[in-house]
1. With 22 Å as the limit, write out which pairs from LYS55/LYS150; LYS50/LYS123; LYS70/LYS150 have Cα-Cα distances beyond it, or answer none.
2. Give the residues of the stretch 106-138 whose amide nitrogen is closer than 11 Å to a point set 7 Å from the Cα of LYS150 in the direction of its Cβ.
3. So if each residue of separation counts as 0.36 nm, and I subtract the Cα-Cα distance between LEU136 and SER44, what length gain in nm does that give?
4. If each of ARG61 and ASN101 carries a label point 7 Å out from its Cα toward its Cβ, how far apart are those two points in nm?
5. What is the distance, in nm, between label points placed 7 Å from the Cα along the Cα-to-Cβ direction at CYS69 and at ARG160?
Amino acid sequence: MIRKFIFDERWTDFHGDVPPRKNALDKFLENYKGDKMTIGILKSVHIIEKGKDDKLAENLRVSEIECKCKSSLCNYTLISSLLVMKFQKLRNIMESPITVNSAYRCQSHNLNIGGEFNSYHCKGMAIDLTHPNLDLLESEARKIFPFVLKYDTFIHCDVRDL
């Protein structure tokens, strides 16, 4: 079940008949309340029921970007349409598979692994990637994403508005 949340608080239903549980939507909106920078860069965020493996782009599936925790409370995935688009653009340029280490994280999982409190991963706006040629991946990602950080074994890319 994939749904698109548009920031005028309307649901566009893609594959179902009701929005996700009210508490999931409330938590989602809390992350964005008053955050005009985020709303400005995001046109929409997909809210996807956890466990679905729909194709988001030519080379990206839901299973690659969903939260890695096993909590029964973590039942959905958020992903920015813009992030998906930029990932696919990077993948097309690289012309070889890119491994997704992490993308969406629920708040609980993010804190358990030592992530930042207000992480872009929790908003569906960040992705950590690795590739055999990490230097090339970083170089090409800097041409596409507004924010890129290189670590020893992966790069962090997000779609924050700088």
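1. LYS55/LYS150; LYS70/LYS150
2. Under cut-off, by backbone N: 134-138.
3. The span from LEU136 to SER44 would gain 30.2 nm if fully extended.
4. Those two pseudo-labels are separated by 2.2 nm.
5. 2.1 nm
Laboratory data are not the source of any read-out in this text; all were calculated from the coordinates shown. Only a predicted model underlies this, so the values are computations on that prediction, with no experimental measurement involved. When we count neighbours, we look across all protein chains shown, and the Cβ atoms used for this are built from the backbone with ideal geometry, even at glycine.
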